[in-house]
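The values are calculated or read from the model by the stated rules, or taken from the named source; none is laboratory data. Because the structure is a prediction, the values reported are computed rather than measured. In this analysis, Cβ positions are derived from the backbone assuming ideal geometry, glycine residues included, and neighbour counts consider all displayed protein chains. To get the accessible areas, we keep the full protein, side chains included, count just its heavy atoms, and leave off ligands, DNA and RNA. Shrake-Rupley method; radii C 1.70, N 1.55, O 1.52, S 1.80 Å.
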Amino acid sequence: MFTHRFLGTLDAYWQTSTTSQRILFITGTILMVWMLAHGMAMFVLDSPLDGPVSLRKAMTFAETGWLMCWATGFVLPYLQTRRWQRWVIIMGVLQFAIVETFLVSLQAWRGVPSHYNFATPFDSVVFSVMGIGALLYLVGMIVLLVTLFGTNTLPPSLRLAFRSGTVLMIIGGLSGYFMMMNLGSLYQGDTAQTLATITSGEIIGAYQGTAEGATGGNILIIHALGVHGLSLAPLAAWLLTYTSLTDRRQQHITALVVWGLFGLITVLTIQMLQLRPLVMPGLMLGGFIAVSLAVLGLGYVLTAWYTLRAWQAPTT
């Protein structure tokens with residue numbers, strides 16, 4: 001019963017989708033297959049799980065692009081947009097998902113780093129193009145956020161989820177640029193010096209990598225959590241629309257997910273700025289992380305519980 005109801009829901013959603021939605025859904029599906037293919041290749045070729053030339057990076061970017069495309073396709077029908085706004089959002093997401101994944105995959109198969117790699121003119125161009133693509137994606141997310149605040153016909157839970165998820169996406173984009181400015185994902189409190197290096201035009205060749213055993217604040221975890229915001233927050237709100245819960249009850253459960261996500265990203269940012277390693281947050285920050293995870297988990301558990309009950313109920 002559950003499988004039949006779930007597949008029927010997806011089929012109905014596809015049948016009523018617009019051309020732009022279908023482009024996003026198909027692109028996302030291709031990226032999902034790309035992710036799985038690189039996972040198989042990583043296993044067959046015994047590629048390292050970590051490191052700047054791991055095929056895992058191609059998997060990671062494909063996964064991010066896949067979810068970003070699907071999430072944006074889901075949001076589109078709810079927006080009150082002008083034509084240019086809609087296409088800025090769509091193209092911002094598509095170019096980021098496709099171009100970034102392709103370039104990261106290309107560099108991984110070439111056996112060279114995709115990020116902070118200025119070894120050759122070609123590698124420098126690749127990194128620069130990725131930076132421009134990330135900027136266009138960020139512009140699209142800002143337009144999406146402005147559009148969402150101009151859309152007044154959304155149910156409360158979806159309004160909360162869409163706006164919060166988009167804010168998280170913007171935080172993810174900004175943290176990505178902070179990593180670029182920092183010339184790495186490990187923040188060691190030297191941003192002023194790095195900024196001076198970039199401003200002086202000496203960025204080419206400035207990155208020497210992170211010394212083995214170096215400690216500092218992890219920017220990457222903030223970036224990763226942020227760029228999945230439009231997938232993580234609206235998921236609960238969307239599933240709850242298939243239940244018989246009141247709008248107010250749906251909003252309360254969605255708020256648990258949102259507060260959990262924002263709690264996590266806030267604490268992780270504080271931890272990063274304090275130069276604390278990811279696995280050593282300290283007692284107080286560790287407690288806040290545990291509370292945020294508990295609130296987030298409760299939101300998802302309640303969502304799953306009520307959705308499963310609704311989809312397993314007999315149809316009339």
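Evaluate the following for VAL167: is it free of Cβ contacts under 8 Å to residues at least 40 places away in the same chain, crowded, with 19+ Cβ neighbours inside 10 Å and either in contact with a Leu (Cβ under 6 Å, 6 or more places away or on another chain) or in a helix (DSSP H, G or I) (or both)?
Judged against the criteria, VAL167 is not a match.
Quick one: LEU144 ticks every box in (1) in a helix (DSSP H, G or I); (2) at pLDDT below 90; (3) open to solvent by less than 70 Å² (accessible area, probe 1.4 Å) bar one, so which box is it?
Here LEU144 clears every test but (2).
Residues checked against (1) over 30 Å from ALA236 (Cα atoms); (2) without any contact (Cβ under 8 Å) to a residue 24 or more places away in the chain; (3) among the basic types (Lys, Arg):
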{"residue": "GLN107", "(1), (2), (3)": "yes, no, no"}
{"residue": "PRO121", "(1), (2), (3)": "yes, yes, no"}
{"residue": "VAL125", "(1), (2), (3)": "yes, yes, no"}
{"residue": "SER157", "(1), (2), (3)": "no, no, no"}
{"residue": "ALA161", "(1), (2), (3)": "no, no, no"}
{"residue": "ILE171", "(1), (2), (3)": "no, no, no"}
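So LEU275 passes all but one of these: (1) within 24 Å of GLY173 (Cα to Cα); (2) touching a Leu at 6+ places or on another chain (Cβ under 6 Å). Which condition number does it fail?
(2)
Scan segment 234-260 for residues that are free of Cβ contacts under 8 Å to residues at least 40 places away in the same chain, polar (S, T, N, Q) and crowded, with 19+ Cβ neighbours inside 10 Å and report the count.
The total comes to 0.
So for segment 117-127 (the condition being among the aliphatic types (A, V, I, L, M) and open to solvent by less than 10 Å² (accessible area, probe 1.4 Å)), does at least one residue qualify?
Yes: one or more hits.
Which residues, taken from segment 261-303, are open to solvent by 40 Å² or more (accessible area, probe 1.4 Å) and more than 24 Å from VAL167 (Cα to Cα)?
Within segment 261-303, LEU275, ARG276, VAL279, MET280, LEU283, MET284 qualify.
Those residues that are closer than 19 Å to SER164 by Cα and either among the small types (Gly, Ala, Ser) or open to solvent by 10 Å² or more (accessible area, probe 1.4 Å) (or both), I need them from segment 66-84; list them, please.
Across segment 66-84, the qualifying residues are LEU67, TRP70, ALA71, GLY73, PHE74, PRO77, TYR78, LEU79, GLN80, THR81.
If you check THR210, THR215, which single one turns out to be at pLDDT below 90, open to solvent by 80 Å² or more (accessible area, probe 1.4 Å) and among the β-branched types (Val, Ile, Thr)?
Matching residue, one of THR210, THR215: THR215.
Mind listing whichever residues of segment 89-104 are surrounded by fewer than 20 Cβ atoms within 10 Å (Cβ to Cβ) and out of contact with any Ser or Thr (no Cβ under 8 Å at 6 or more places or on another chain)?
MET91, GLN95, VAL99, PHE102
Listed here are the residues, each with its yes/no results for (1) touching a helix residue (DSSP H, G or I) at 6+ places or on another chain (Cβ under 7 Å); (2) farther than 26 Å from SER20 by Cβ; (3) part of a loop (DSSP other than H, G, I, E, B); (4) modelled with pLDDT under 85.
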site	(1), (2), (3), (4)
LEU36	no, no, no, no
PHE43	no, yes, no, no
TRP66	yes, no, no, no
GLY73	yes, no, no, no
ILE89	yes, no, no, no
VAL93	yes, no, no, no
LEU103	yes, no, no, no
HIS115	yes, yes, yes, yes
PHE118	yes, yes, yes, yes
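Looking at the structure I just gave you, is THR27 open to solvent by 30 Å² or more (accessible area, probe 1.4 Å) and over 20 Å from ALA236 (Cα atoms)?
Taking the combined requirement at face value, the residue does not satisfy it.
Among the residues that make up segment 53-60, is at least one of them buried (at least 21 other Cβ atoms within 10 Å of the Cβ) and of a type in the set (Gly, Ala, Ser)?
Yes; the residues of segment 53-60 include at least one that is buried (at least 21 other Cβ atoms within 10 Å of the Cβ) and of a type in the set (Gly, Ala, Ser).
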